[in-house]
1. Name the pairs: first residue in the range 146-167 and without any contact (Cβ under 8 Å) to a residue 24 or more places away in the chain and small (Gly, Ala, Ser), second residue surrounded by fewer than 13 Cβ atoms within 10 Å (Cβ to Cβ) and outside any loop (DSSP other than H, G, I, E, B), Cβ to Cβ under 7 Å, at least 6 apart or on different chains?
2. Here's a check for you: in the range 1-55, which residue that is farther than 30 Å from residue 170 by Cα and among the β-branched types (Val, Ile, Thr) is farthest from the chain's Cα centre (by Cα)?
3. I'd like the residue in the range 118-142 that is part of a helix (DSSP H, G or I) and more than 23 Å from residue 55 (Cβ to Cβ) and, out of all such residues, is farthest from the chain's Cα centre (by Cα).
4. Can you report the number of residues in the range 1-41 which are loosely packed, with under 14 Cβ neighbours inside 10 Å, among the hydrophobic types (A, V, I, L, M, F, W, C) and in contact (Cβ under 8 Å) with a residue 40 or more places away in the chain?
5. Considering every residue within the range 136-152, establish whether at least one is over 20 Å from residue 170 (Cα atoms), polar (S, T, N, Q) and surrounded by 15 or more Cβ atoms within 10 Å (Cβ to Cβ).
6. Quick one: count up the residues across the range 59-94 that are part of a strand (DSSP E or B) and of a type in the set (Phe, Trp, Tyr).
7. Within the range 77-96, can one find any residue that is in contact (Cβ under 8 Å) with a residue 12 or more places away in the chain and under 19 Å from residue 166 (Cβ atoms)?
8. How about the range 110-122: which of its residues are surrounded by 16 or more Cβ atoms within 10 Å (Cβ to Cβ) and either under 14 Å from residue 24 (Cα atoms) or not β-branched (Val, Ile, Thr) (or both)?
Amino acid sequence: MIYLLRHFKVIDGSEVMMDSERFNNWVYDYDHYELKYSDLSLPIVEKVYCSTMERCTRSANYLKTDSIFRDELIEVASKASFKTCIKLPKSFWLIIDRILWYFNISKHENRCDTILRADKFIDSLDTSKDILVISHGLFLNVLYKRLKLRGYHGYIGLAMKNAHVYKLEGVK
């Protein structure tokens, strides 16, 4: 069994409109904002793997898990795709960045890179053990799809919710 957990929700009180420089600063700041913790019942697992990014490590610490921290589980980085002093909605910057990622034209990690990273992580797992993975929305969606291609089944919906455990069962 593999369980997926998206970190606790980030409390983001930043402004909606941002120029490219402010957006890039916000991307960094986002990992350090406070989290909205909630009660969460975790399954009994033999291994817990966690992203090394702060919002995940704080989530794991809050849950008192004995985690193995792995860089392969970090979120796909975001960055403004062009420089401007014109303020645009934060959602605009994020959507453009993810479109570039999806079509493999991102200046940083692209979709192919993320898939390779997810596959490398899956290949390193001892799938005879029950595992919990604490990571981020986009990366967990890629990981979920890669696990499904390997015969795992489970349902995550359209978008993974923060602080919700998703169960994937492998083929026996």
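1. Short answer, once both residue conditions are applied: 154/169.
2. 16
3. Restricting attention to the range 118-142, the residues satisfying the condition of being part of a helix (DSSP H, G or I) are 118-123, 137-142.
Next, from what is left, pick out any that are more than 23 Å from residue 55 (Cβ to Cβ): 119, 123.
Values: 119: 15, 123: 18 Å.
Here the residue is 123.
4. Of the residues in that region, 3 qualify.
5. Within the range 136-152, the first condition is being over 20 Å from residue 170 (Cα atoms), and the residues that meet it are 136-138.
Remaining after also requiring polar (S, T, N, Q): none.
No, every residue in the range 136-152 fails to be over 20 Å from residue 170 (Cα atoms), polar (S, T, N, Q) and surrounded by 15 or more Cβ atoms within 10 Å (Cβ to Cβ).
6. Here is the first cut: in the range 59-94, the ones part of a strand (DSSP E or B) are 67-70, 88-89.
With the extra rule that they be of a type in the set (Phe, Trp, Tyr), the set shrinks to 69.
Final tally of qualifying residues: 1.
7. So far as the range 77-96 goes, no, none of its residues is in contact (Cβ under 8 Å) with a residue 12 or more places away in the chain and under 19 Å from residue 166 (Cβ atoms).
8. Answer for the range 110-122, where residues must be surrounded by 16 or more Cβ atoms within 10 Å (Cβ to Cβ) and either under 14 Å from residue 24 (Cα atoms) or not β-branched (Val, Ile, Thr) (or both): 110, 111, 117, 118, 119, 121.
The values are calculated or read from the model by the stated rules, or taken from the named source; none is laboratory data. Because the structure is a prediction, the values reported are computed rather than measured. Glycine gets a Cβ as well: all are built from the backbone with ideal geometry, and neighbour counts include every protein chain shown.
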